Amino acid sequence: MGIFSKKKSNNLDFSQQKIDFSEQTSSVDHQQEEQTNPNLTSTPLQKVSFTEPGLNIEQTPVVTKDGENDQIKTTGYTAKDFNDAPKIADLLLKHGQIIVHLEHLPKEERIRLLDFISGVMYSFAGTARRLENQTYEFVLGD
């Protein structure tokens, strides 16, 4: 026996209901489905465009770091929940730069949202910077 002894720890919670993966589900026969509904293959795809009325976008002028007279338009967004992550990613791709305020989110959702946007930043070689306690700036790479 050594100097250090291991403490047994059990971090699993067995009080919750378990999922039964042994249930058998019936498979779907796609050929039969196409025969019963012929409109599935004959209908061409249509382009649909829409705008979201509840999108909270702010336009804020920001002076460049060199102190030049040129001003850059930066989009600010206040996230309400994790479901705003795709909207933030779309705004980031559209504008190239966004400032996100996360003060209204619980800690777990804030972490999930930052992980999601960090993945977008990694995909497009962007940078992320913390401006204040719960405010972040994301800029896509060139």
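Each reported figure results from applying straightforward, stated rules to the coordinates on display, with no laboratory input. What you are looking at is a predicted structure, and each value in this text was computed from that prediction instead of being measured. All Cβ positions, even for glycine, are placed from backbone atoms using ideal geometry, and neighbour counts span all protein chains on display.
Here are some notes:
- Footprinting exposure proxy for 130, 110 (fewest neighbouring C-beta atoms within 10 Å first): 130, 110
- At full extension, residue 93 and residue 135 could sit 13.2 nm farther apart than now, given 0.36 nm per residue minus the alpha carbon distance.
- Summed side-chain charge close to residue 110 - residues other than residue 110 whose Cβ falls under 11 Å, Lys, Arg +1, Asp, Glu -1: -3
- Residues whose amide H falls under 5 Å from that of residue 126, counting only those 5 or more places apart or on a different chain, are 141, with hydrogens built in the peptide plane.
- Fewest-first ordering of 88, 98 by other beta carbons within 10 Å of each residue's beta carbon gives 88, 98.
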